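Following: one structure in structure tokens, then a few remarks.
The values are calculated or read from the model by the stated rules, or taken from the named source; none is laboratory data. Please read these numbers as outputs of a predicted model, since none were measured by experiment. Methodologically, a virtual Cβ is constructed for each residue, glycine included, from the backbone with ideal geometry; neighbour enumeration extends over all protein chains shown. The area values use the complete protein model at the heavy-atom level, side chains included, leaving out ligands, DNA and RNA. Shrake-Rupley method; radii C 1.70, N 1.55, O 1.52, S 1.80 Å.
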Amino acid sequence: MSEQRVWLLIDDDDAFLQVLQRSLSRQGIEARLAHGHQEAKTLLLEGHFQRCVLDLNLAGESGLQLLPELLDLRPDLEILVLTGYGSIATAVEAMRRGAVNYLCKPVTVNQLLAGFEPIDAPPDLRSEPPSVEEMEWEHIQRVLNENEGNISATARALNMHRRTLQRKLQKHSRWR
């Protein structure tokens with residue numbers, strides 16, 4: 001495969017990585033997976049990657065800290081930062097440290113691909129605004145994180161039945 005078709009995906013959420021890897025493979029893009037700083041740097045030194053998707057929070061380690069280290073190893077690497085909890089401050093900092101873009105989870109594969117396109121790309125290549133389902137998913141993920149992954153507490157906070165929340169979480173994992 002060509003270099004631009006091999007991506008490095010860095011995230012501490014293995015399920016997310018697996019789903020993203022399968023989705024990218026359907027687009028003809030091969031992906032290698034890393035779960036933390038050291039694994040990512042090792043893979044980057046061993047392989048030839050054109051693009052990298054980097055999670056902002058890697059099990060307590062900062063993706064913002066890793067970003068310049070990756071660029072030191074491979075200055076031509078295009079890095080897109082993903083986060084479940086976006087803010088203007090972290091977006092600005094990610095771009096300042098060399099990211100080509102900054103997107104908030106959840107993202108579709110098309111949004112991810114468009115995230116690597118130049119800003120002056122035609123409008124049909126830029127990512128579309130999030131759908132109601134994506135906004136709901138983002139809210140659920142935020143509340144789930146606030147409740148440290150506790151489904152019952154999250155369901156209570158969302159004023160939702162626990163089983164309904166579990167169905168939404170399962171449906172979304174298949175939908176991605």
Determine which single condition F16 fails, assuming it passes every other condition in (1) in contact with a helix residue (DSSP H, G or I) (Cβ under 6 Å, 6 or more places away or on another chain); (2) open to solvent by less than 50 Å² (accessible area, probe 1.4 Å); (3) under 29 Å from R142 (Cβ atoms). (1)
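Could you tell me whether the range 71-93 includes any residue that is more than 13 Å from the chain's Cα centre (by Cα), in a helix (DSSP H, G or I) and under 19 Å from E117 (Cβ atoms)?
Yes: the range 71-93 contains one or more residues that are more than 13 Å from the chain's Cα centre (by Cα), in a helix (DSSP H, G or I) and under 19 Å from E117 (Cβ atoms).
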Would you be able to tell me the number of residues in the range 142-156 that are open to solvent by 50 Å² or more (accessible area, probe 1.4 Å) and over 18 Å from G60 (Cα atoms)? 2
Out of the residues in the range 1-13 that are touching a strand residue (DSSP E or B) at 6+ places or on another chain (Cβ under 8 Å) and not in a strand (DSSP E or B), state the one that is modelled with the lowest pLDDT. M1
If V107 passes every condition in (1) farther than 21 Å from L17 by Cα; (2) at pLDDT below 85 but one, which one does it miss? (1)
Checked pairs for the range 13-32, first within 16 Å of Q50 (Cα to Cα), second among the basic types (K, R) and not in a strand (DSSP E or B), C-beta under 8 Å and 6 or more apart or across chains, list as G28/R5; I29/R5; E30/R5
Would the range 21-30 turn up any residue that is hydrophobic (A, V, I, L, M, F, W, C) and in a helix (DSSP H, G or I)? yes
Per-region count, the range 49-71, residues crowded, with 18+ Cβ neighbours inside 10 Å, closer than 14 Å to A34 by Cβ and not aromatic (F, W, Y): 10
Find the residue count for the range 72-97, including only residues that are open to solvent by 30 Å² or more (accessible area, probe 1.4 Å) and within 16 Å of L8 (Cα to Cα). 6
Tell me whether the range 22-34 contains one or more residues that are open to solvent by 30 Å² or more (accessible area, probe 1.4 Å) and within 15 Å of D76 (Cβ to Cβ). no
Tell me, which residue of the range 35-48 that is open to solvent by less than 60 Å² (accessible area, probe 1.4 Å) and outside any helix (DSSP H, G or I) is farthest from I10 (Cα to Cα)? G47
R162 passes all but one of the listed conditions (1) open to solvent by 60 Å² or more (accessible area, probe 1.4 Å); (2) modelled with pLDDT of 80 or more; (3) touching a Leu at 6+ places or on another chain (Cβ under 9 Å); the exception is number (3)
Give all pairs with beta carbons closer than 7 Å in which a residue from the range 146-164 that is assigned to a loop (DSSP other than H, G, I, E, B) meets a residue that is open to solvent by less than 100 Å² (accessible area, probe 1.4 Å); count only pairs at least 6 apart in sequence or on separate chains. N147/A153; N147/T154; N147/A157; L158/I140; L158/V143; L158/L165; H161/A155
